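The next block holds one structure in the form of structure tokens; read it before the comments.
Every read-out reported here was derived from the displayed coordinates using simple, explicitly stated rules and does not represent laboratory data. Just so it is clear, the model here is predicted, and its values are computed rather than measured. Backbone-built Cβ (ideal geometry, glycine too); neighbour counts: all protein chains shown.
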Amino acid sequence: MKTLTLFYDARCGLCSSVRRWLSAQPAYVRIEFIPYDSPQARQLCPMIDQLHADQEIVILSDESHLWQGAAAWVMCLWALHDFRAWSSRLASPTMQSIAKKIVHLISANRLTLSSLLHLRGDEALHALPDETSCEFSPVHR
């Protein structure tokens, strides 16, 4: 596997912030980001609409494997140099149910979290002048 394609909500501030954070991380495989509701998404993954990607992220590998929700986030961590060990922990049977609950809670409340944290989606950020485009981004330690 050489490439993962992450389908995300480009209008969601939290989703866009996570996309920018993931893009900045050193990775073992290439991660491409495509808005889930774009023509390109439908071309790459014709069933994207049936997967309800507006509710949880979907990842497609270059080998045609699909992951969604918590499993997709585990794949994101697996792709990153500094977080691959975490992906193994979260994929373990003990942690899977906890990871699913956390991801579901965040996904269900992502728009509220975006509003509370003043996070902007991709289009809103592009509309801002550079000097005002300060945005919260998770700190990597």
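Before moving on, here are some points about what is shown:
- With helices as the sole contributors, the chain gives -13000 deg cm²/dmol at 222 nm; each DSSP H run of n ≥ 4 counts as -39500 (n - 2.57), and the sum is divided by every residue.
- Computed extension gain for Ala85 through His65, at 0.36 nm per residue and net of the alpha carbon distance, reaches 5.1 nm.
- Antiparallel DSSP beta bridges within the chain, as percent of all bridges there, nearest 5: 55 percent
- Extension reserve of the Ser38-Gln96 stretch, reckoned as 0.36 nm per residue once the Cα distance is removed: 17.8 nm
- For a modelled paramagnetic label at His52, 7 Å from Cα along Cα-to-Cβ, the residues of segment 85-123 in reach, with backbone nitrogen under 17 Å, are 100-111.
- Residues Ser115 and Ser23, FRET efficiency given R0 of 25 Å [Cβ-Cβ distance, rounded to 0.05]: 0.60
- Restricting the calculation to Cα atoms, segment 2-81 shows an Rg/Rh of 0.92 when the hydrodynamic-style radius is the Kirkwood one.
- Whole-number percent relative contact order across the chain, with pairs defined as alpha carbons under 8 Å at least 6 apart: 33 percent
- Taking Val103, Val58 and counting other C-beta atoms within 10 Å, the order from fewest to most: Val103, Val58
- Most fluctuating residue given options Leu116, Leu90, Leu51, as computed from a GNM of the chain linking Cα atoms under 10 Å: Leu116
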